[in-house]
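The values are calculated or read from the model by the stated rules, or taken from the named source; none is laboratory data. Fair warning: this is a prediction, and the values are worked out from it, not measured in the lab. Glycine gets a Cβ as well: all are built from the backbone with ideal geometry, and neighbour counts include every protein chain shown. Heavy atoms of the whole protein, side chains included, go into the accessibility calculation; ligands, DNA and RNA do not. Shrake-Rupley method; radii C 1.70, N 1.55, O 1.52, S 1.80 Å.
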Amino acid sequence: MNTQHEASNALVEAHLALVGYNVNEVLARVPSHVARADLMSAGALALVRAARSFDESKGVPFARYASLRIRGALVDELRSMDWVSRGARRRARETSEATERLAAQLGRTPTRVEVAQALGVSVEEVDAARVDADTRVLSSDAFDGAVSDMVVDSTTGPLDALVGAEQVEYLRAGIACLPEKLRYVVEQLFFEDRPVVELAEEMGVTRSRVSQLRTEALALLKDGLNANLEQDAAPAVDPAEGVAERRRKAYYAAIAARAAETRGAAAVAPTLDAMVGIRAAS
């Protein structure tokens, strides 16, 4: 019994990093107010249980087996935090889908009235659905499918690293090129972790307006990233097109230009360092 207990403890000690890794992966997908400590506790308990129940004769590596157990425990913990009803989640999802459809059709972010008309509901119901989407801790819809599908290999290949770096590069450029008000909302909500209520008071607008600005910014940012990552060249701006479409394409082009400028600066720096080294050696 003591030998088995010692073996379990050794497994836990050797694989503690799995808890932190999996918690970080989950935290990247959930609202910032989800407490890391709660997830770490759930993950650590799952690791201990995995060590006690592990059977090496099954031929499954402990790291993979423990990751499955940890991710399952984290999903359960997150679902226990989700206090919003299924109906509220459904209304929030329908409102989001209607907003995206209208944005694609109109070439701009639809108004609250337009979304309400498309859904056949009142403007107040649209506002309530958006508030639910903003304030809920987590939708369990984000975790559909088997837990094993969520396990991520911690190793990163050269190609994955290159693609990831490119995506981050365009993301930074996309945020920097957003219209000033939209950029400010994104930076304050996502980087400064400020509550919607506080930001609304500072800007002198309603919470719904802040949510609308955030939705508009994220939609524009998403389109800008897709436009640049899914094609080799930035879209040309056609003067004959409508004002909204010209502004949108100009934004896409600005992202491409800023990203290219960043890449150029990154490429020049090592070259300058090398030249300095050569001169110093000579």
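Starting from 0.36 nm per residue, how many nanometres of slack lie between His5 and Ala104 once their C-alpha separation is accounted for?
Separation in residues times 0.36 nm, less the Cα-Cα distance, equals 29.7 nm.
Heavy-atom accessible area of Ser57 with all protein chains present, probe 1.4 Å, nearest 10 Å²?
Rounded to the nearest 10, that gives 100 Å².
Find how much the distance from Arg64 to Arg29 grows on full extension, using 0.36 nm per residue of separation minus their present alpha carbon separation; answer in nm with one decimal.
Numbers: separation 35, 0.36 × 35 = 12.60 nm, distance 2.09 nm.
The Arg64-Arg29 span can extend by a further 10.5 nm.
Order Glu180, Glu25, most accessible first, counting only protein heavy atoms with a 1.4 angstrom probe.
So, going from the largest accessible area down, we get Glu180, Glu25.
R0 = 25 Å: FRET efficiency of Glu97 with Lys181, Cβ-based, nearest 0.05?
Given R0 = 25 Å and the Cβ-Cβ separation, E is 0.50.
For the pair Gln117 and Arg90, how long in nm is the line joining their label points, each one 7 Å along Cα→Cβ?
2.6 nm
Taking the Cα centroid of the stretch 91-118 and of the stretch 170-188, what is the distance between the two, rounded to the nearest whole Å?
22 Å
Would you work out if the stretch 1-57 is rounded, prolate or oblate? Take a ≥ b ≥ c from the square roots of the eigenvalues of the alpha-carbon gyration tensor; rounded if a/c is under 1.5, else prolate when a/b is larger than b/c, oblate otherwise.
prolate
Could you tell me the accessible area of Val186 in Å² (1.4 Å probe, neighbours in place), rounded to the nearest ten?
Estimated to the nearest 10 Å², Val186 gives 10 Å².
Please compute the net charge surrounding Glu114, taking Lys and Arg as +1 and Asp and Glu as -1 over other residues with Cβ under 11 Å from its Cβ.
Result for the local shell: +3.
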